[in-house]
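Scroll down for the structure; my scribbles are underneath it.
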Amino acid sequence: MSAGAATDVGRLRTVNEDGYLAVNPAFVVVDGMGGHAAGQAAAQAALEELYALAGATITSIDPILGAVSAAQESIIAIPSHAAFLPGATIAGVIMALLGPQGSEPAAQEAPARPTWLVFNIGDARVYLLRDNIMSQITRDHSQVQVLIDTGQLTPEQARHDPRRNVVTRALGGGIADSAIPDLYSVPVQAGDRMLVCSDGLSDELDDDALATILAAGFPPQRTAELLVAASLEEGGHDNSTAVVVDALAADGSAQVPA
């Protein structure tokens, strides 16, 4: 794999409440909520727990669930007397080695297939570019997504709706919810390009703009920088973060290390 990441405070904010982890096999974006200090503290607290995934060999969903749950507990433990409690949305992709049908390999010598394990809570997103076709893997936990699902808004209308930043699920933030993320499993193909981003990026750039930059042929670090720069050109109304991950090869006979 090859990866790159970029983040910017944006043109209107004074504090960057986004954070990211980009250490093989874990590529995660955390978007803090609750105001400047609370949002920064929440993002940092979550990332400290998520670093448990960095450098690990992932053979099941359990380490992901454990890290996200620990992030939730860490955010909830932050002292706060503000009207808006510290919280965060999160999205990520983990390169895992899974056995047949996505199971944990039965033995150390069992063949393991490289698999993207994608997860999210809130409106941070993960996209896949494969064969120059981009698709959104995650589904937003937001008020406008509910309105889209019920036919009250089109996706284009939702992009400009004033309720677009109201999330229905988050880590902390006073939102009563478990810390179990939505999970998606996608077998890796050589040439795959994954984008993990905060809503500050996807709110500014529509799918066509994202796909154009992702497919332009630049390496991951330059691509992440171009994505964030483009979001600033479109207004930069929020913090903007992009993590880009390329699968340079996908060996279906990979072995789980002893």
Failed item, numbered, when Ala56 is tested on (1) assigned to a helix (DSSP H, G or I); (2) among the small types (Gly, Ala, Ser); (3) open to solvent by 30 Å² or more (accessible area, probe 1.4 Å): (1)
Every residue from segment 193-203 that is open to solvent by less than 30 Å² (accessible area, probe 1.4 Å) and part of a loop (DSSP other than H, G, I, E, B): Ser198
Members of segment 10-51 that are aromatic (Phe, Trp, Tyr) and outside any strand (DSSP E or B): Tyr51
Conditions (1) open to solvent by less than 20 Å² (accessible area, probe 1.4 Å); (2) farther than 17 Å from Ala124 by Cβ; (3) under 15 Å from the mean Cα position of the chain (by Cα); number of the one not met by Asn24: (1)
The listed residue being free of Cβ contacts under 8 Å to residues at least 60 places away in the same chain, open to solvent by 30 Å² or more (accessible area, probe 1.4 Å) and of a type in the set (Gly, Ala, Ser), out of Ala230, Ala216, Ala190: Ala216
Neighbours by Cβ (under 6 Å, 6+ apart or cross-chain): first from segment 119-131, farther than 14 Å from Val243 by Cα and open to solvent by 10 Å² or more (accessible area, probe 1.4 Å); second modelled with pLDDT of 95 or more and among the small types (Gly, Ala, Ser): none
Hey, Glu48 out of contact with any strand residue (DSSP E or B) (no Cβ under 9 Å at 6 or more places or on another chain) and either at pLDDT 95 or above or surrounded by 22 or more Cβ atoms within 10 Å (Cβ to Cβ) (or both) or not: yes
Subset tally (residues that are in a strand (DSSP E or B) and either open to solvent by 40 Å² or more (accessible area, probe 1.4 Å) or more than 20 Å from Val243 (Cβ to Cβ) (or both)) for segment 168-187: 6
Matching residues, segment 149-167, being among the basic types (Lys, Arg) and open to solvent by 70 Å² or more (accessible area, probe 1.4 Å): Arg163, Arg164
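The values are calculated or read from the model by the stated rules, or taken from the named source; none is laboratory data. In this text, all values refer to a predicted model and were calculated from it rather than measured experimentally. Because the Cβ atoms are built from the backbone with ideal geometry, glycine has one as well, and the counts that use them run over all protein chains shown. When the accessible area is computed, the model is the full protein with side chains, heavy atoms only, and any ligands, DNA or RNA have been set aside. Shrake-Rupley method; radii C 1.70, N 1.55, O 1.52, S 1.80 Å.
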